[in-house]
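Trainee: Sharing a structure below in structure tokens format, with a few things to ask.
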Amino acid sequence: MKTLCAVLLLLSASAFSADNLPFEEVAPGVYVHVGRIADLFETDRDPVSNITFIVGDNAVAVIDTGGSRRAGEAILASIREVTPLPIRYVINTHVHADHNFGNQAFLGENPEFIAHHLYPGDFAAKSGYYLNRLTQPWFEGTQPVAATRTVESETMIDLGNRRLILTAQPRAHTRHDLTVFDPQTDTLITGDLLFVDHLPRSMAACSVGWLSPIP
């Protein structure tokens, strides 16, 4: 019985370890992990959202961090397989927990946590609710990390010979959607303004805005 218990404990630890995640380089210096199609509050494995990181000459930007500390740690491990450059920016496209509850894993990098200017109010109002619903073992130890910098309309960040344009979008999937555009590769990171192969379970804001073309 003791041997069986030990095996079960090892299996449990393995099931919830923060292994690195597979990322594909979809354009030069742009790496994407496609999240599983699942409900964050019911899954035993995260992330269920797409994750992107972009590498410049001097620094890295991460766009969305998954829905748990362990997902964030796995993302960080994957980045470190690609580059030792500092992670200077963590960008959250909106407040839903599957896109920002992995922020905690990046605190040691001392980045700027960037979001839409309307994000902080909704983050403060909703994070406790999300945290209370995340009861699967995978989410143990997860603590939300708020934005430290916000975007009013549009701003630019520089990773070293690689500038990214951050745009605060009108009300759509939420009232605080933020997109990231990489002019060097013509790559646009939309967060949940775009869904492929499935539909969102709920409308958080405005269907008219969501259906409108992104400026």
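Trainee: Just for segment 52-90: of the residues that are in contact with a Leu (Cβ under 7 Å, 6 or more places away or on another chain) and hydrophobic (A, V, I, L, M, F, W, C), which one is farthest from Val145 (Cα to Cα)?
Mentor: Selected residue: Val55.
Trainee: Quick one: Arg80 ticks every box in (1) surrounded by fewer than 21 Cβ atoms within 10 Å (Cβ to Cβ); (2) farther than 23 Å from Met156 by Cβ; (3) in contact with a strand residue (DSSP E or B) (Cβ under 8 Å, 6 or more places away or on another chain) except a single one, so which number is it?
Mentor: (3)
Trainee: Report yes if some residue within segment 146-159 is out of contact with any His (no Cβ under 8 Å at 6 or more places or on another chain) and over 15 Å from His116 (Cα atoms); otherwise report no.
Mentor: Quick first cut of segment 146-159, residues out of contact with any His (no Cβ under 8 Å at 6 or more places or on another chain) only: 146-149, 153-159.
Those left that are additionally over 15 Å from His116 (Cα atoms): 158-159.
Yes.
Trainee: Then there's this: Please indicate, with yes or no, whether at least one residue in segment 27-39 is touching a helix residue (DSSP H, G or I) at 6+ places or on another chain (Cβ under 7 Å) and over 17 Å from Gln136 (Cβ atoms).
Mentor: Taking every residue of segment 27-39 in turn, at least one turns out to be touching a helix residue (DSSP H, G or I) at 6+ places or on another chain (Cβ under 7 Å) and over 17 Å from Gln136 (Cβ atoms).
Trainee: For the structure I just gave you, tell me whether Thr142 is more than 25 Å from Phe181 (Cβ to Cβ) and assigned to a loop (DSSP other than H, G, I, E, B). Talk me through it step by step, then tell me what you get.
Mentor: Values: more than 25 Å from Phe181 (Cβ to Cβ): yes; assigned to a loop (DSSP other than H, G, I, E, B): yes.
Against the criterion (more than 25 Å from Phe181 (Cβ to Cβ) and assigned to a loop (DSSP other than H, G, I, E, B)), Thr142 qualifies.
Trainee: Of everything in segment 128-142 that's of a type in the set (S, T, N, Q) and more than 12 Å from Gln104 (Cβ to Cβ), which residue is surrounded by the most Cβ atoms within 10 Å (Cβ to Cβ)?
Mentor: So the first thing to find is which residues in segment 128-142 are of a type in the set (S, T, N, Q), and the list is 132, 135-136, 142.
Still in the running and more than 12 Å from Gln104 (Cβ to Cβ): 132, 135-136.
Details: Asn132: 8, Thr135: 11, Gln136: 16.
So, considering only residues that are of a type in the set (S, T, N, Q) and more than 12 Å from Gln104 (Cβ to Cβ), the one surrounded by the most Cβ atoms within 10 Å (Cβ to Cβ) is Gln136.
Trainee: Residues that are modelled with pLDDT of 95 or more, out of contact with any Ser or Thr (no Cβ under 8 Å at 6 or more places or on another chain) and buried (at least 21 other Cβ atoms within 10 Å of the Cβ): does segment 98-118 have at least one?
Mentor: Yes: segment 98-118 contains one or more residues that are modelled with pLDDT of 95 or more, out of contact with any Ser or Thr (no Cβ under 8 Å at 6 or more places or on another chain) and buried (at least 21 other Cβ atoms within 10 Å of the Cβ).
Trainee: Okay, next question. With a cut-off of at least 3 residues that are without any contact (Cβ under 8 Å) to a residue 60 or more places away in the chain, name the strands (runs of 3 or more DSSP E) lying wholly within segment 22-127.
Mentor: Working: elements: 24-27, 30-33, 51-55, 60-63, 87-91, 112-116.
Strands (runs of 3 or more DSSP E) meeting the threshold: 30-33.
Conditions tested, residue by residue: (1) at pLDDT below 85; (2) not aliphatic (A, V, I, L, M).
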{"site": "Pro144", "(1), (2)": "no, yes"}
{"site": "Glu154", "(1), (2)": "no, yes"}
{"site": "Leu159", "(1), (2)": "no, no"}
{"site": "Arg162", "(1), (2)": "no, yes"}
{"site": "Ala172", "(1), (2)": "yes, no"}
{"site": "Leu193", "(1), (2)": "yes, no"}
{"site": "Arg201", "(1), (2)": "yes, yes"}
{"site": "Cys206", "(1), (2)": "yes, yes"}
{"site": "Pro213", "(1), (2)": "yes, yes"}
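Trainee: Just to be sure, is Asp19 more than 18 Å from Val90 (Cα to Cα), in contact (Cβ under 8 Å) with a residue 60 or more places away in the chain, in a loop (DSSP other than H, G, I, E, B) and not β-branched (Val, Ile, Thr)? Lay out the reasoning, then the answer.
Mentor: Working: more than 18 Å from Val90 (Cα to Cα): yes; in contact (Cβ under 8 Å) with a residue 60 or more places away in the chain: no; in a loop (DSSP other than H, G, I, E, B): yes; not β-branched (Val, Ile, Thr): yes.
So Asp19 does not fit the description; no.
Trainee: If we keep just the residues of segment 174-191 that are of a type in the set (D, E, K, R), assigned to a loop (DSSP other than H, G, I, E, B) and surrounded by 17 or more Cβ atoms within 10 Å (Cβ to Cβ), which is modelled with the highest pLDDT? Write out each step before concluding.
Mentor: Step one: of segment 174-191, the residues of a type in the set (D, E, K, R) are 175, 177, 182, 186.
Retained after the next criterion (residues that are assigned to a loop (DSSP other than H, G, I, E, B)): 175, 177, 186.
Those still in the list that are surrounded by 17 or more Cβ atoms within 10 Å (Cβ to Cβ) too: 175, 177.
Working: Arg175: 83, Asp177: 91.
Within segment 174-191, the match that is modelled with the highest pLDDT is Asp177.
The values are calculated or read from the model by the stated rules, or taken from the named source; none is laboratory data. This structure is a prediction, so every number in the text was calculated from the model and none was measured. Please note: Cβ atoms are built from the backbone with ideal geometry, for glycine as well, and neighbour counts cover all protein chains shown.
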